[in-house]
Amino acid sequence: MTDEAFKGFGPKAIPFLKALDFHQSREWFLENRELFEKELRDPLGDLVDTLTLRFAEAGLGLRGDRKKSLFRINRDVRFAKDKRPYNRHLSAILSPDGTKMEQGVFYVHIGLEGCFAGVAWWQPEAALLLAMRRAIEVWPERFRAMVKALKDNGLELDAEGGMKRTPRGFEHITDKDLVAAIRSRHFVVRHVIDPAGIHGPELVEELVDFTFRAKPLLDWGRAIEGKTAKE
């Protein structure tokens, strides 16, 4: 943990990403690495540390590490048709145990395609996803209460990426909202960040507020995950 509180991303954070995306060159990146660290990487590390403290104070059960929580700017191109070596964004994840392997996470993304935060159960493993679908089937009122709580907080579950057909064993479900939920491969809420607002410490309050508003989704998933772990 560092003593540095988040003060904002540097004024050249987005321009750096634009230049990196234009050059897509290791030589250019190495020549400008100091700028990358000053404007983007180190501030993101400060943000992770600051949010870890704030989330702990709020009892949100999410934490991170300025080294382990950040995703690399380098792309994994081993199996990709697109061989450009660098991402158009920088991102980080905070989770219950501080690793990238857990579910029920907070994610922040600063990039050319947009800046946003998310709270997610993102493509959970088969056993947990099945348990979530069973919970929607058996306790629809709990699922609907969670959705309503999110809506009351100005949030909606991401409807993209669902299966075209209802998974086997759930064909008897006919309510449209439950069918859509059972077809989902993930459960996510998002918050769009104004790129102009990433340069000051006020971003911390914005992200803490969003995570509080997304807590019904975290609580719903954690209750199911806890029961699954005991089985």
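The values are calculated or read from the model by the stated rules, or taken from the named source; none is laboratory data. If you're wondering where the values come from, they're calculated on a predicted model, not measured in any experiment. Every residue, glycine as well, gets a Cβ built from its backbone with ideal geometry; the counts of neighbours run over all protein chains shown. Ligands, DNA and RNA are stripped out before the accessible areas are found, and what is left, the full protein with its side chains, is counted by its heavy atoms. Shrake-Rupley method; radii C 1.70, N 1.55, O 1.52, S 1.80 Å.
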On the basis of being in contact with a Leu (Cβ under 7 Å, 6 or more places away or on another chain) and touching a residue at least 40 places away in the same chain (Cβ under 8 Å), does LEU44 make the cut?
yes
Residue by residue through segment 152-172, note down the ones that are of a type in the set (D, E, K, R) and in contact with a strand residue (DSSP E or B) (Cβ under 8 Å, 6 or more places away or on another chain).
GLU156, ASP158
ARG84 vs. criteria over 18 Å from the mean Cα position of the chain (by Cα) and not in a strand (DSSP E or B)
yes
Does VAL119 count as within 28 Å of ASP177 (Cα to Cα) and open to solvent by less than 10 Å² (accessible area, probe 1.4 Å)?
yes
Does VAL105 meet the test of being closer than 18 Å to VAL188 by Cα, surrounded by 15 or more Cβ atoms within 10 Å (Cβ to Cβ), among the β-branched types (Val, Ile, Thr) and out of contact with any Lys or Arg (no Cβ under 9 Å at 6 or more places or on another chain)?
yes
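Matching residues to (1) hydrophobic (A, V, I, L, M, F, W, C); (2) more than 18 Å from GLU113 (Cβ to Cβ):
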| position | (1), (2) |
| --- | --- |
| ALA5 | yes, yes |
| ALA13 | yes, no |
| PHE22 | yes, no |
| ARG26 | no, yes |
| LEU30 | yes, yes |
| GLU37 | no, yes |
| ASP42 | no, yes |
| LEU47 | yes, yes |
